[in-house]
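**Student:** The structure that follows is given in the form of structure tokens.
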Amino acid sequence: MKNNSRYEIRFSGSGGQGIITAAVILADAVGTLDGKYVSQTQSYGPEARGGKSKAEVVISNEVIDYPKAMSIDLLLAMTQASCDAYFFEIKPDGLLVVDSSLVEQVPTSRAVAIPFTEIARKEIGRELVANMVALGAVGYLSGQVNLKNLERRLLTRVPKGTENMNRDALQAGIREAKKVDLKSLPRSFVNEWESEV
């Protein structure tokens, strides 16, 4: 992170997409391995599976006085409903990242569209790991986490026997995010960890 200000990320989608797992892994990497202050919160819709789901990660170089996101720097929307519900809470120079497999109407030009679900299905063979594909992209585009540390934390938090599949999904997301023209995005999205990957 290039300054002491808060950086807020919201992961959103529907229950069952692994939104909260992705947020927890990111927060764990940032807090325990990168050594930054971090807060992670989540909420579910009325149904655990299929209802609206969101999870937030607040990152700072200073003590965090309020744990929930107030003005979002990066919003990940894995469904159209979550995109429609939350995009208006993004900062003016914030970034919307959508799963273009499931989000057809993108409400802002400050957006990156990556087909996370399609990548998970075609490259990894399991749609279930679309959340890890998205996590890789969010980790890269936010510039808030060391990507090696993100992978290290992922490997400790996924079910035994699925480590390679989840790692492959994470790396697929990072690869796709690297194809994005970062120069066309706000300066804050240039990844400070790029040289370490």
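The values are calculated or read from the model by the stated rules, or taken from the named source; none is laboratory data. The shown structure was predicted, so the numbers you read here are calculated from the model rather than taken from an experiment. For neighbour counting, all protein chains shown are included, and Cβ atoms are generated from backbone atoms with ideal geometry for every residue, glycine included.
**Student:** Can you confirm whether segment 30-37 contains a residue that is modelled with pLDDT of 95 or more, buried (at least 24 other Cβ atoms within 10 Å of the Cβ) and outside any strand (DSSP E or B)?
**Tutor:** Yes, some residue in segment 30-37 is modelled with pLDDT of 95 or more, buried (at least 24 other Cβ atoms within 10 Å of the Cβ) and outside any strand (DSSP E or B).
**Student:** Same structure again: When the residues of segment 41-56 are narrowed to those that are of a type in the set (Lys, Arg) and over 18 Å from residue 71 (Cβ atoms), which ends up modelled with the highest pLDDT?
**Tutor:** Per the stated criteria, the residue is 52.
**Student:** Does residue 81 meet the test of being touching a residue at least 60 places away in the same chain (Cβ under 8 Å) and aliphatic (A, V, I, L, M)?
**Tutor:** Yes, satisfied.
**Student:** Among the residues of segment 120-146, which ones are assigned to a helix (DSSP H, G or I), in contact (Cβ under 8 Å) with a residue 60 or more places away in the chain and closer than 21 Å to residue 37 by Cα?
**Tutor:** Within segment 120-146, 135, 138, 139, 141, 142 qualify.
**Student:** Hey, could you check segment 57-108 for residues that are charged (D, E, K, R) and either modelled with pLDDT of 95 or more or in contact with a strand residue (DSSP E or B) (Cβ under 7 Å, 6 or more places away or on another chain) (or both) and say which is surrounded by the most Cβ atoms within 10 Å (Cβ to Cβ)?
**Tutor:** Going through the qualifying residues, I end up with 99.
**Student:** When both residues are 6+ apart or on different chains and their Cβ atoms are under 6 Å apart, which pairs have a first residue that lies in segment 163-176 and is free of Cβ contacts under 8 Å to residues at least 40 places away in the same chain and buried (at least 18 other Cβ atoms within 10 Å of the Cβ), and a second that is among the small types (Gly, Ala, Ser) and part of a helix (DSSP H, G or I)?
**Tutor:** Here the result reads 170/136; 174/136, each pair linking segment 163-176 to a residue that is among the small types (Gly, Ala, Ser) and part of a helix (DSSP H, G or I).
**Student:** Go through 64, 114, 119 for me and flag whichever is farther than 20 Å from residue 18 by Cα and β-branched (Val, Ile, Thr).
**Tutor:** 64
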